[in-house]
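Notes to accompany the following structure.
The values are calculated or read from the model by the stated rules, or taken from the named source; none is laboratory data. Predicted model, so just to flag it, every value in this text is computed and none were measured. FYI the Cβ positions are ideal-geometry reconstructions off the backbone, even for glycines, and counts take in every protein chain you see.
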Amino acid sequence: MKIAVFNGSARKENTYALAEAFREGAEAAGHEVEVYQVGKMKIGGCLGCEYCHTKGEGNCVQKDDFEKILPAYKEADMIVFASPIYYFAMNTHMQAAIQRVYCIGKPLKAKKAALLLSSGSDGVYDSAIAQFKDYMAYAGIENAGIITAHGSENKSGSKLEEVREFAKSL
């Protein structure tokens with residue numbers, strides 16, 4: 001299975017560790033995994049200009065780093081979103097990477113998706129989880145699982161092993 005992991009973190013921190021643990025587990029199970037560090041990319045939010053659905057033929061009018069990840073949205077069998085939680089939502093890097101898929105409507109081949117969330121506090125995930133579930137329902141993609149980590153859990157051996165085992169089970 002070809003898996004695209006979109007990591008919203010801009011630095012090597014908690015979300016980075018979760019995404020890497022997922023990659024390790026999935027590769028150990030024989031899957032092909034590509035991790036995209038969207039937190040380090042320059043991706044503007046969707047402008048709602050409709051260029052993609054009129055003159056653009058599925059291509060966004062904005063020419064930025066989204067062009068580097070769009071092929072993954074088109075070709076991956078599974079997508080994984082790994083995002084830190086900032087003020088009860090996925091961070092803006094992840095939001096932009098998700099919203100810009102509007103140009104093609106939804107990931108084209110993905111049958112499964114997963115969500116990895118990292119935060120400093122427990123109980124701050126509801127908004128991000130609801131967005132993920134709604135998006136997967138709209139796209140007709142199976143929710144393969146959601147893993148959250150907060151505080152010292154983020155880089156704990158047991159949490160990273162949970163993520164690896166989850167990825168191996170896919």
Residue 8 passes all but one of (1) of a type in the set (Gly, Ala, Ser); (2) modelled with pLDDT of 95 or more; (3) crowded, with 23+ Cβ neighbours inside 10 Å; (4) over 15 Å from residue 167 (Cα atoms); which number fails?
(2)
Restricting to segment 17-56, what's the tally of residues that are without any contact (Cβ under 8 Å) to a residue 12 or more places away in the chain and of a type in the set (Ser, Thr, Tyr)?
2
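Filter segment 48-60 down to the residues that are among the hydrophobic types (A, V, I, L, M, F, W, C) and surrounded by 14 or more Cβ atoms within 10 Å (Cβ to Cβ) and list them by number. So that I can check it myself, show each step before the final result.
As a first pass, look at segment 48-60 and keep what is among the hydrophobic types (A, V, I, L, M, F, W, C): 49, 52, 60.
Within segment 48-60, 52, 60 qualify.
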Look at residue 61 and say whether it is among the aliphatic types (A, V, I, L, M), at pLDDT 95 or above and assigned to a loop (DSSP other than H, G, I, E, B).
yes
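Which one is surrounded by the most Cβ atoms within 10 Å (Cβ to Cβ), of the residues in segment 11-29 that are assigned to a helix (DSSP H, G or I) and of a type in the set (Asp, Glu)?
Kept after step one, since they are assigned to a helix (DSSP H, G or I), are these residues of segment 11-29: 14-28.
Subsequent filtering for residues that are of a type in the set (Asp, Glu) retains 20, 24, 27.
On the way: 20: 18, 24: 16, 27: 15.
Out of the qualifying residues, it is 20.
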Going through segment 97-110 in order, the residues found to be surrounded by fewer than 22 Cβ atoms within 10 Å (Cβ to Cβ) and of a type outside the set (Val, Ile, Thr) are 99, 102, 103, 105, 106, 108, 109
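Would you mind stating whether residue 42 is over 17 Å from residue 7 (Cα atoms) and out of contact with any Leu (no Cβ under 7 Å at 6 or more places or on another chain)?
On the way: over 17 Å from residue 7 (Cα atoms): no; out of contact with any Leu (no Cβ under 7 Å at 6 or more places or on another chain): yes.
So residue 42 does not fit the description; no.
Out of 114, 72, which single residue is closer than 25 Å to residue 149 by Cα and of a type in the set (A, V, I, L, M, F, W, C)? Break it down into steps so the answer makes sense when it comes.
Values: 72 fails: closer than 25 Å to residue 149 by Cα.
After applying the criteria, what remains is 114.
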Could you list, in sequence order, all residues of segment 30-44 that are surrounded by 13 or more Cβ atoms within 10 Å (Cβ to Cβ) and in a loop (DSSP other than H, G, I, E, B)?
31, 37, 41, 43, 44
Candidates 139, 130, 113, 144, filtered to the one that is among the small types (Gly, Ala, Ser), without any contact (Cβ under 8 Å) to a residue 12 or more places away in the chain and either surrounded by fewer than 21 Cβ atoms within 10 Å (Cβ to Cβ) or in contact with a Pro (Cβ under 9 Å, 6 or more places away or on another chain) (or both)
130
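May I ask you to list the residues in segment 86-122 that are basic (Lys, Arg) and either modelled with pLDDT under 95 or under 18 Å from residue 38 (Cα atoms) (or both)? It would help to see each step written out before you state the result.
If we filter segment 86-122 for residues that are basic (Lys, Arg), which is where we start, we get 100, 106, 109, 111-112.
Listed by number, the residues that qualify are 100, 106.
Pull up segment 91-108, narrow it to residues that are of a type in the set (S, T, N, Q) and out of contact with any Cys (no Cβ under 8 Å at 6 or more places or on another chain), then point me to the one that is nearest to residue 19 (Cα to Cα).
So the first thing to find is which residues in segment 91-108 are of a type in the set (S, T, N, Q), and the list is 91-92, 95, 99.
Those left that are additionally out of contact with any Cys (no Cβ under 8 Å at 6 or more places or on another chain): 91-92, 95.
Numbers: 91: 15, 92: 18, 95: 17 Å.
Here the answer is 91.
Which residue out of 24, 50, 57, 32 is within 18 Å of residue 160 (Cα to Cα) and either of a type in the set (Asp, Glu) or out of contact with any strand residue (DSSP E or B) (no Cβ under 6 Å at 6 or more places or on another chain) (or both)?
After applying the criteria, what remains is 24.
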